[in-house]
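The values are calculated or read from the model by the stated rules, or taken from the named source; none is laboratory data. None of these values were measured; they are calculated from a predicted model. All Cβ positions, even for glycine, are placed from backbone atoms using ideal geometry, and neighbour counts span all protein chains on display.
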Amino acid sequence: MTPVADVVLLVGLFFIAAGVVGVLRLPDFYTRLHALGKSDTLGVALTVGALALRGGATLTSAKILLIVAFVTLANPTATHALGRAAYRAGIAPWRR
Amino acid sequence: MRDPSDGRLMRDPTATDDPSMAERESSQGYLGRLVREFWRGLPFSALLFVFWIVLSGKFDGGHLLAGATCAMAVSLWTGRLLCLPPQVGLSASHPLAGVFWLRFPMYLLWLARQVVTANLHVAWIVLHPRMPIQPCLVRLDKPAPHTFARLVLANSITLTPGTVTLDVDTAGYLVHALTSRSAANLRSGDAVRRCQALFLHTDPESGQGGSR
């Protein structure tokens, strides 16, 4: 189980790293939202899920899966809240 | 004794089933209302209790009793905030009752695939040397039947590749698309169809809007 968990962990970290690169490289607020909103959902789910895989069928793993469920729910909502706040504050989207 | 408008605000499904019982209970005043809210909040209490057990990890009588007490108390205190008036249609008493649960596993699978695709998409764009983005705003005029359906569709759009929902109102959605292709994908309406299929109750007015 441990090698599988390690691979899952690395894949999760790759997505989080891609999100960070996206925040640094993308040109404006809205495009950066894409990088964070997407990569955090899968990145955190995989990273934390790998810990649950390592832990096996324990209560701690159940708690970790709860974290995954709540992050999956909260992340698009937070992304939307940020985007909406920016839109209402009048930030113009970047155009090529 | 109690203000009758309270009963209207709560829209107790058990009360509408049997009007005579509702009248009797409301005449009992505060205690009757408390009992009614307790029964109505029982599913939520059970959910909170399971949550408590998972988080505490202790199964002795004292902890379970404390958990059950807290779960019921929280459910009683917050029940009125969480059980908003039904906006699902005439026959459903709660938003969750309006979900086509048989289609829910398929929807979850589709959403999981969308999340993975979205992550690969954004990672590819971000790590691409030239960063091929053509951001644009898309107005999507697809009214959903009720607030819960709007929430599900707005969050689903955010999780599908290259799109983030910026604003939601009764008429539709304002979506920021990262590339022109993701904007085209959104307009093709796959996400909208998937989410609309998830709900049982669509009133005729929004049904017309959806087919527009």
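Structure data summary
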item	result
Residue list for the stretch B:29-71, restricted to those being more than 24 Å from the chain's Cα centre (by Cα), in a helix (DSSP H, G or I), of a type outside the set (A, V, I, L, M) and over 22 Å from A:T58 (Cβ atoms)	B:Y30, B:G32, B:R33, B:G61, B:G62, B:T69, B:C70
Any hit, the stretch B:106-115, residues being β-branched (V, I, T) and within 17 Å of the chain's Cα centre (by Cα)	no
Some residue of the stretch B:6-17 being hydrophobic (A, V, I, L, M, F, W, C) and at pLDDT 55 or above	no
Residue among B:H121, B:H176 that alone is in a helix (DSSP H, G or I) and either farther than 13 Å from B:V192 by Cα or assigned by TED's automatic domain parsing to the domain that holds B:L200 (or both)	B:H121
Breaking point among (1) among the β-branched types (V, I, T); (2) facing chain B (nearest Cβ under 9 Å); (3) within 21 Å of B:V116 (Cβ to Cβ); (4) surrounded by fewer than 17 Cβ atoms within 10 Å (Cβ to Cβ), for A:T60	(3)
Single residue of B:L137, B:L166, B:L153 found to be in contact (Cβ under 8 Å) with a residue 24 or more places away in the chain and assigned to a helix (DSSP H, G or I)	B:L153
Qualifying residue in the stretch B:73-84 (condition: modelled with pLDDT of 90 or more and outside the structural domain of B:A177 (by TED's automatic domain parsing))	yes
All positions within the stretch A:18-57 that are within 9 Å of chain B (Cβ to nearest Cβ) and among the small types (G, A, S)	A:A18, A:G19, A:G22, A:A35, A:G37, A:S39, A:G43, A:A45
Pairs, first more than 12 Å from chain A (Cβ to nearest Cβ) in the stretch B:169-189, second assigned to a strand (DSSP E or B) and at pLDDT below 90, C-beta under 8 Å, six or more apart	B:G172/B:L140; B:L186/B:L140; B:R187/B:L140
